[in-house]
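Here the structure comes first, spelled out in structure tokens, and everything after it is commentary.
The values are calculated or read from the model by the stated rules, or taken from the named source; none is laboratory data. Since the model is a prediction, treat every value here as computed from it, not as a measurement. Cβ placement follows ideal geometry from the backbone for every residue including glycine, while neighbour counts extend to all protein chains displayed. Areas reflect the complete protein model, heavy atoms only, side chains present, ligands, DNA and RNA absent. Shrake-Rupley method; radii C 1.70, N 1.55, O 1.52, S 1.80 Å.
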Amino acid sequence: MEEPIVLAEAAMANNIHVQVDEDSKDPESNSLHQKLLKKNRTLSSTPLAMVGAKVSFIESLDYEINENDLFKHDWRSRSRTQVLQYICGKWTLAFLVGLLTGIIATLINLAVENIAGYKLLVVGNYINEERYLSGFLFFAGANLLLTSVAALLCVFFAPTAAGPGIPEIKAYLNGVDTPNMFGASTLIVKIIGSIGAVSAGLDLGKEGPLVHIGSCIASLLGQGGPDNYRLKWRWLRYFNNDRDRRDLITCGASSGVCAAFRAPVGGVLFALEEVATWWRSALLWRTFFSTAIVVVVLRAFIEYCKGGECGLFGQGGLIMYDVSGVSVSYHLGDIIPIVVIGVIGGILGSLYNHVLHKILRLYSLINEKGKLQKLLLALSVSLFTSVCQYGLPYLAKCTPCDSSLPDGVCPTKGRTGNFKQFNCPNGYYNDLATLLLTTIDDAVKNVFSINTQTEFRISSLVIFFVLYCILGLITFGIAVPSGLFLPIILMGSAYGRILGIAMGSYTNVDQGLYAVLGAASLMAGSMRMTVSLCVIFLELTNNLLLLPITMLVLLIAKSVGDCFNPSIYEIILELKGLPFLDASPEPWMRNITVGELLDVKPTVVTLRGVEKVAWIIELLKNTTYNGFPVVDEGIVPPTGFPTGATELHGLVLRAHLLLVLKKKWFLQERRRTEEWEVREKFTWVELAERSGKIEEIAATEDEMEMFVDLHPLTNTTPFTVVESISVAKAMVLFRQVGLRHILIVPKHHVAGVPPVVGILTRQDLRAHNILNVFPDLSKSEGSKKGH
């Protein structure tokens with residue numbers, strides 16, 4: 001929370017440096033913008049966002065290295081053994097993240113396959129006995145029970161477990177602290193809730209939740225366990241800081257994608273392209289190592305379960321939707337339908353985002369009414385889904401089995417297969433029941449199936465497509481763990497296969513491959529990913545020959561979708577109010593300088609290098625700033641400078657001030673401390689941790705009159721920019737380096753001008769907040785962002 005609360009003027013008079021007035025600015029900086037910048041209010045915003053079911057105060061994270069005296073001394077004094085321990089610790093945690101994510105993902109798959117599988121077997125037995133009403137009652141009742149378990153847990157125990165969790169992870173890796181998103185209760189509810197929701201047949205996947213689960217595992221490992229039961233091992237404390245936790249959560253997110261799709265390279269690229277804001281080569285190695293461990297664990301469990309020891313689980317392989325059995329040959333004429341698929345995917349993806357945005361706004365109004373309304377909404381969606389999945393197959397005509405098929409293949413009376421008998425006589429199958437009365441994974445396998453040119457009617461595929469468009473829109477947003485990947489894959493694969501059937505003999509591409517391309521195009525049109533999606537689909541389908549046409553489809557779909565609206569995750573971030581900073585600044589941000597932003601901000605609050613305890617406590621109680629510039633006056637300057645100069649010593653964090661007050665590191669007189677005095681009281685590990693709240697601090701009257709030397713705790717190398725820099729440049733620097741504060745220094749260094757004239761935070765650089773103050777900027781020339 002970086003926004004200030006106004007202090008009493010008398011208390012602030014001696015400690016606030018007023019910003020440079022307009023007369024002292026560069027005249028050239030005003031002539032360009034004078035007509036544009038019409039101010040209508042003060043640049044301020046309330047740092048609130050929806051996290052889970054409640055509105056929370058949002059703070060930024062300290063990703064910047066705090067180069068104070070303690071850090072510098074520790075860095076100089078580290079032995080090779082300590083450095084090696086730290087590096088080995090990182091790789092050990094990366095290994096554990098992959099191992100635990102792989103194990104939990106396997107257990108989730110095992111539970112879903114068995115619970116949903118046995119449910120469908122019982123329903124199939126009722127249908128074979130022509131007890132259709134009993135079959136529906138059991139089907140709907142089981143789905144309601146499973147949905148209620150997931151919804152009750154999310155509503156009453158861990159509201160942050162609802163939804164996919166990917167937008168919040170994006171925000172965290174962007175530098176936004178999302179409270180309670182990675183706790184132990186969230187992890188447990190996410191696991192159980194995902195099993196219940198997916199087993200209930202709801203139109204959602206476990207892919208998004210698995211990304212969140214991997215991130216929760218990484219966060220808990222990095223901090224030594226849940227908040228109330230943390231391990232106190234010294235080597236673990238090295239990772240209990242925002243910077244190392246960011247790297248671990250990145251490993252967890254990539255491991256979650258790998259566990260969901262069994263796509264190790266795709267998982268790494270997903271983290272790089274979609275969720276991570278900050279990246280480096282060392283992190284690339286560790287994320288790849290984590291995903292490799294996940295694949296090994298999944299492979300081991302699948303091989304073990306193939307023997308039948310895991311019930312209905314284990315019939316698949318490492319490749320989920322294998323289409324490697326068909327040779328991909330296409331000619332120039334096939335490019336036209338492939339381009340059409342890409343265009344359709346971009347249009348439908350952006351339309352899906354638009355409609356889902358409206359529905360999520362409606363759901364937020366319903367969810368605000370109370371917990372009972374949340375439960376009723378989830379159960380209503382579950383009942384509607386059950387009615388459609390059980391009732392719509394009766395609209396489909398029975399199709400005779402192909403006589404060339406081996407005995408026992410058609411019709412299928414079990415859980416899986418392309419030829420479900422349902423209500424048809426012997427020798428016939430119901431193609432719509434094959435798609436609807438099955439698990440969502442098996443539905444995708446059926447639509448993706450190759451060499452099945454005549455097994456699905458267009459009418460059944462149209463019903464399937466329309467139904468899952470509706471279910472995909474109304475299911476996402478209810479109070480259960482949910483993912484967007486598989487619902488979008490189902491919709492895209494349906495219209496892809498419809499187009500493949502419509503092409504008939506005019507194309508050489510198999511209908512199953514059209515379904516794959518349709519799924520890829522809709523995902524690119526909605527999520528706006530390209531590279532990671534391309535690799536994920538190649539690893540999913542095990543067919544490298546799809547690479548050229550998949551790349552073409554993804555590029556077209558993303559380009560078309562970008563013409564209409566942002567990606568679905570950006571829309572969710574905006575709905576939740578999370579202050580996410582985009583990679584590209586708005587074009588109009590080049591028309592305004594940070595100095596002009598300072599004109600509409602409260603004056604900057606500074607501290608002296610040796611400050612009085614009473615003033616520090618007063619400041620912390622009456623502001624919510626998390627960083628304060630430290631300024632020394634009357635220092636002895638280098639030769640050639642006027643005497644009595646003012647020095648910007650650096651930036652001290654609120655957490656460090658609280659730690660000083662908590663440890664009561666006070667001085668009887670105003671003086672600089674010796675280096676040994678600081679090391680005796682503090683360690684750099686302590687400075688990396690959070691230090692509670694000011695309300696927990698108590699000081700006597702005598703202590704209030706004492707002093708604190710802030711020099712050893714001050715970051716002496718904060719990032720600074722001159723006040724004439726454009727907001728666009730400042731935002732790029734802020735985002736790419738992962739900053740929490742940027743200090744603004746004056747362009748002109750003259751007598752009477754303070755060394756720091758302002759401080760910018762994440763909220764100050766958000767386009768929405770700036771436009772509230774300068775609405776005419778959006779109308780300026782070149783204000784539209786290109787894609």
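The table below gives the values:
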read-out	value
Single match in ARG41, ARG80 (criterion: modelled with pLDDT of 85 or more, over 18 Å from the mean Cα position of the chain (by Cα) and of a type outside the set (Ser, Thr, Tyr))	ARG80
One residue from TYR514, TYR506 being open to solvent by 20 Å² or more (accessible area, probe 1.4 Å) and hydroxyl-bearing (Ser, Thr, Tyr)	TYR506
Test: ALA614 is at negative phi, touching an Asp or Glu at 6+ places or on another chain (Cβ under 9 Å) and not in a loop (DSSP other than H, G, I, E, B)	yes
Qualifying residue in segment 566-582 (condition: surrounded by 18 or more Cβ atoms within 10 Å (Cβ to Cβ) and among the acidic types (Asp, Glu))	no
Number of the condition not met by GLU130 [criteria: (1) open to solvent by 20 Å² or more (accessible area, probe 1.4 Å); (2) at negative phi; (3) not basic (Lys, Arg)]	(2)
Extreme residue, nearest to ASN241 (Cα to Cα), among residues of segment 195-226 that are assigned to a helix (DSSP H, G or I) and without any contact (Cβ under 8 Å) to a residue 40 or more places away in the chain	GLN223
Where PRO179 falls short, out of the listed (1) within 22 Å of GLY370 (Cα to Cα); (2) part of a helix (DSSP H, G or I)	(2)
Leading residue by the ranking (surrounded by the fewest Cβ atoms within 10 Å (Cβ to Cβ)) among those in segment 438-487 that are touching a Cys at 6+ places or on another chain (Cβ under 8 Å) and not in a helix (DSSP H, G or I)	ALA479
Any hit, segment 445-454, residues being within 33 Å of the chain's Cα centre (by Cα) and under 26 Å from LEU153 (Cα atoms)	no
Residue among LEU379, LEU365 that is in contact (Cβ under 8 Å) with a residue 24 or more places away in the chain, part of a helix (DSSP H, G or I), of a type outside the set (Gly, Ala, Ser) and within 26 Å of PRO481 (Cα to Cα)	LEU379
Odd one out for ALA699 among (1) among the hydrophobic types (A, V, I, L, M, F, W, C); (2) modelled with pLDDT under 90; (3) not in a loop (DSSP other than H, G, I, E, B)	(3)
For SER505: the one exception among (1) part of a helix (DSSP H, G or I); (2) touching a residue at least 40 places away in the same chain (Cβ under 8 Å); (3) among the polar types (S, T, N, Q)	(2)
In segment 528-565, the residues that are open to solvent by 10 Å² or more (accessible area, probe 1.4 Å), aliphatic (A, V, I, L, M) and farther than 26 Å from PHE580 by Cα	VAL535, LEU538, LEU544, LEU545, LEU547, MET551, LEU552, ILE556
Residue within segment 601-611 that is closer than 30 Å to LEU356 by Cβ, part of a loop (DSSP other than H, G, I, E, B) and touching a residue at least 12 places away in the same chain (Cβ under 8 Å) present	no
Filtered residues of segment 477-499 (kept if touching a Pro at 6+ places or on another chain (Cβ under 7 Å) and either closer than 18 Å to GLY518 by Cα or modelled with pLDDT of 95 or more (or both))	PRO481, LEU484, LEU499
Residue in segment 763-774 that is open to solvent by 10 Å² or more (accessible area, probe 1.4 Å), in contact with a Phe, Trp or Tyr (Cβ under 8 Å, 6 or more places away or on another chain) and assigned to a helix (DSSP H, G or I) present	no
Matching residues, segment 644-689, being open to solvent by less than 30 Å² (accessible area, probe 1.4 Å) and assigned to a loop (DSSP other than H, G, I, E, B)	TRP665, THR673, PHE682
Members of segment 705-738 that are among the hydrophobic types (A, V, I, L, M, F, W, C), under 28 Å from TRP665 (Cα atoms) and part of a loop (DSSP other than H, G, I, E, B)	MET706, LEU710, PHE719
Answer residue from segment 193-211, given it is touching a Lys or Arg at 6+ places or on another chain (Cβ under 6 Å) and open to solvent by less than 10 Å² (accessible area, probe 1.4 Å) and is farthest from ILE108 (Cα to Cα) among those	PRO209
Check on LEU365, touching a Leu at 6+ places or on another chain (Cβ under 9 Å) and either buried (at least 21 other Cβ atoms within 10 Å of the Cβ) or closer than 18 Å to LEU473 by Cβ (or both)	no
PHE57, sole failed condition from (1) within 20 Å of the chain's Cα centre (by Cα); (2) buried (at least 17 other Cβ atoms within 10 Å of the Cβ)	(2)
Members of segment 739-758 found to be assigned to a strand (DSSP E or B) and open to solvent by less than 10 Å² (accessible area, probe 1.4 Å), listed by number	ILE742, LEU743, ILE744, GLY758
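Residue-by-condition table, conditions (1) farther than 17 Å from PHE95 by Cβ; (2) acidic (Asp, Glu); (3) modelled with pLDDT under 95:
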site: GLY201; (1), (2), (3): yes, no, yes
site: LYS206; (1), (2), (3): yes, no, yes
site: VAL268; (1), (2), (3): no, no, no
site: GLU274; (1), (2), (3): yes, yes, yes
site: THR277; (1), (2), (3): yes, no, yes
site: THR291; (1), (2), (3): no, no, no
